[in-house]
Amino acid sequence: QSVTCWRKKFLETFFLNVLHGVLDVSSDWRLNDCHFSPLLHSSPHVSQLTLCNMLQAAVELTAQHNQKVLENLAVSLKILKFQHLLSSDQSIRRCLVFLLHRLIHHGSVSQVSIYSWPAPDTLLLVLILSMSAGFWRAGNAVPYLNSPCELCREEDKAPSQVSPPEPAEKGQCDSENQKESPRAQEEAPAELGGADVCLKSIFSGLRSPQHDKESEEASSKVPTNTLGESSPRSTSKHLPCHPLLRRTRRRPKSGVGRKRRCLRRNRAEPEDLYDFVFTVAKEDNAELPEQKSSTEGEKAEKLTSSSPESPKKKGSAGIFPLKAAQRFRSVSTLELFSIPLNGETCRTLSNLLTSWVSLETLILSYNGLGPNVFSILSGLHTLSHRPGCRLRVLRVSDVFSFVPCVELVHCILSTLPQLHTLSVSFDLKSQMEGNRKKGKSNCTEADIPETCLEQLEIRFPREPLQTSSLLPVLKASKSLQQLSLDSATLPTSQELGHLLEALKECNPNLKKLNFHDMNLADHHKEVLLLLQDPLLEEISFSFCRLFESSTAEFLPEIIKAVKGNPSLKSLKLPGNRLGGY
């Protein structure tokens with residue numbers, strides 16, 4: 001990955017290493033200064049943040065002494081990632097909720113990605129999804145102030161002074177309105193289903209300010225940074241919270257947890273740290289430890305083994321349905337990678353998607369969806385009929401295919417004809433042949449209207465390429481510019497010729513054509529025809545065994561075809577056993 005600005009890269013990595021405890025600032029007297037905050041100094045340069053494990057970073061960032069750090073992140077942060085998450089208790093979830101509210105609803109985060117969660121905590125997962133979709137109950141307490149968000153208060157006062165708010169029945173705001181005000185006047189999902197139930201449990205501990213005052217008077221011994229009690233749905237699987245919170249607050253205390261002040265302009269310029277490190281690094285005592293990448297350098301503090309806390313059942317004050325939540329600014333890109341999604345979670349996600357008009361890119365990778373993919377498509381179908389819908393990119397990949405790839409593509413495009421990019425990828429055929437046959441009739445019922453598709457990628461699980469099945473997709477995609485076919489088998493020697501004829505007839509705007517891991521050893525004639533196509537600009541045959549059984553004349557014919565085609569700008573032939581020639 002190219003780095004456009006090394007100063008920004010250094011300060012961003014410095015921020016992450018200090019936040020996660022990889023870099024101990026107390027070991028260097030120049031950084032361990034009561035007038036200097038490493039997090040505050042580097043936070044304006046952070047555009048990507050990863051939260052992992054027990055969400056210790058979320059607790060630290062929402063602490064009162066890091067209020068200015070959080071304000072900087074709300075401006076600079078664009079990508080928020082979660083990785084290797086574990087179950088968390090109610091107090092940590094409160095900190096996470098406020099962090100998401102500040103960074104997404106009142107901030108600039110446009111992408112939320114969740115990676116590698118083999119056994120996801122349903123409550124925590126739905127919390128992240130719902131906050132990413134813009135759901136929030138105004139009046140929820142800020143962790144260290146025990147009072148509602150001040151930015152929400154200001155926005156509540158602003159409409160009364162300027163103009164009355166628009167009724168919610170008018171639908172969603174467009175992109176400009178979302179930028180002007182994070183609280184988008186979007187219509188709540190009509191059918192709540194699982195989302196309603198999950199959100200009740202998620203926000204059960206986020207009580208109103210009045211209830212917070214009562215509980216504060218009843219129990220004055222509770223620390224202000226550890227609000228709330230166990231959720232009614234909390235189980236014995238939840239790990240102990242208070243010792244962990246104390247450890248995560250203590251560890252960076254020498255460099256991070258002290259009294260925070262903005263950098264004095266007469267003492268240090270905003271970029272002095274970068275210049276200092278790279279100009280005085282030749283001195284042994286001035287060298288900082290070698291910085292690792294943000295993905296490899298985030299080491300979580302080792303947890304001590306202890307028995308889980310027993311759940312404490314208390315009052316259910318604050319429980320409210322999803323309809324009671326207000327809508328704020330939401331992210332435009334959602335990525336879920338290697339997270340098993342069961343039927344209930346898929347229905348919840350489907351319900352959230354129905355009104356997620358700001359969503360532009362949805363990536364679902366290795367989630368074990370199976371037939372639940374149609375539940376998500378149902379939510380996307382409802383979303384596509386809402387004014388202002390901006391969904392343009394959909395990528396679905398998994399280990400097993402529930403239906404043949406081309407049929408799933410047919411179903412997706414008939415549901416979402418406005419897509420510009422569609423990628424469907426499967427590794428293996430499903431062993432449930434009965435379900436595959438059942439899904440076949442369901443997927444091919446609807447006709448495909450004319451689409452806006454520009455890029456289509458299909459990775460077959462060693463399925464035969466049936467041009468007759470792919471033909472309706474090609475006919476409906478007049479704007480197709482890039483086609484990629486991977487791991488498909490050719491049932492007959494004429495199949496590739498039929499495909500090329502269909503492309504020439506149906507897709508005159510096609511510029512890029514990629515074939516990967518397809519046996520084209522016996523299709524030299526079709527390969528030469530492609531190289532002579534005056535419309536194609538980029539062609540790739542990767543691992544297609546072109547020269548496996550070719551004659552000595554085949555390579556000169558390829559060279560001649562390429563020389564005679566001035567429109568061809570790129571030809572890639574990796575993994576085709578060209579070494580003998």
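Key figures
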{"read-out": "Surface share of carbon and sulfur [accessible, 1.4 angstrom probe, percent] for region 511-580", "value": "54"}
{"read-out": "Rounded percent of accessible protein surface that carbon and sulfur make up, region 1-46, 1.4 Å probe", "value": "53"}
{"read-out": "Electrostatic dipole magnitude of region 511-580 [Cβ: Lys, Arg +1; Asp, Glu -1; Cα centre; debye, to 20]", "value": "220"}
{"read-out": "Probe 1.4 Å, accessible area per residue of region 1-46, Å²", "value": "44"}
{"read-out": "In Hz, Karplus ³J(HN,Hα) per residue of region 552-563 (6.51, -1.76, 1.60; θ = phi - 60°; x = Gly, Pro)", "value": "5, 7, 5, 5, x, 5, 5, 4, 5, 5, 5, 5"}
{"read-out": "For Cys389, solvent-accessible area (1.4 Å; no DNA, RNA or ligand), Å²", "value": "20"}
{"read-out": "Links that overshoot a 22 Å alpha carbon limit, given the list Lys9/Lys512; Lys478/Lys504; Lys512/Lys569", "value": "Lys9/Lys512"}
{"read-out": "Area of Ser468 that stays accessible when all protein chains are in place (1.4 Å probe, Å², to 10)", "value": "90"}
{"read-out": "Fraction of alpha-carbon pairs over 13 Å apart in region 542-581 - percent", "value": "56"}
{"read-out": "Check: region 1-46 dipole with +1 on Lys, Arg Cβ and -1 on Asp, Glu Cβ, in debye", "value": "220"}
{"read-out": "Accessible-area value, Glu407, 1.4 Å probe, nucleic acids and ligands omitted, Å²", "value": "20"}
{"read-out": "Largest-first ordering by accessible area, 1.4 Å probe, given options Val75, Val46", "value": "Val75, Val46"}
{"read-out": "Euclidean distance between Cα centres, region 512-581 to region 1-77, Å", "value": "50"}
{"read-out": "Relative compactness, region 1-46, computed as alpha-carbon Rg over 2.2 N^0.38 Å", "value": "1.20"}
{"read-out": "Lys/Arg +1, Asp/Glu -1 at C-beta; region 479-548 dipole; positive extreme among His498, Phe543, Asn514", "value": "Asn514"}
{"read-out": "P(r) tail fraction, region 511-580 - alpha-carbon pairs more than 21 Å apart, %", "value": "16"}
{"read-out": "Mean Cα-pair separation over length for region 1-46, i.e. relative contact order, pairs under 8 Å, 6 or more apart, %", "value": "46"}
{"read-out": "Solvent-accessible area per residue for region 511-580 (1.4 angstrom probe, square angstrom)", "value": "55"}
{"read-out": "In nm, spacing of pseudo-spin labels at Val399 and Asp447 (7 Å Cα→C-beta vector)", "value": "4.1"}
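The values are calculated or read from the model by the stated rules, or taken from the named source; none is laboratory data. For clarity, every value in this text was computed on a predicted model and none was experimentally measured. With ideal geometry, Cβ positions are generated from the backbone for all residues, glycine too; neighbour counts draw on all protein chains shown. Note: areas computed on protein heavy atoms with side chains; ligands, DNA, RNA excluded. Shrake-Rupley method; radii C 1.70, N 1.55, O 1.52, S 1.80 Å.
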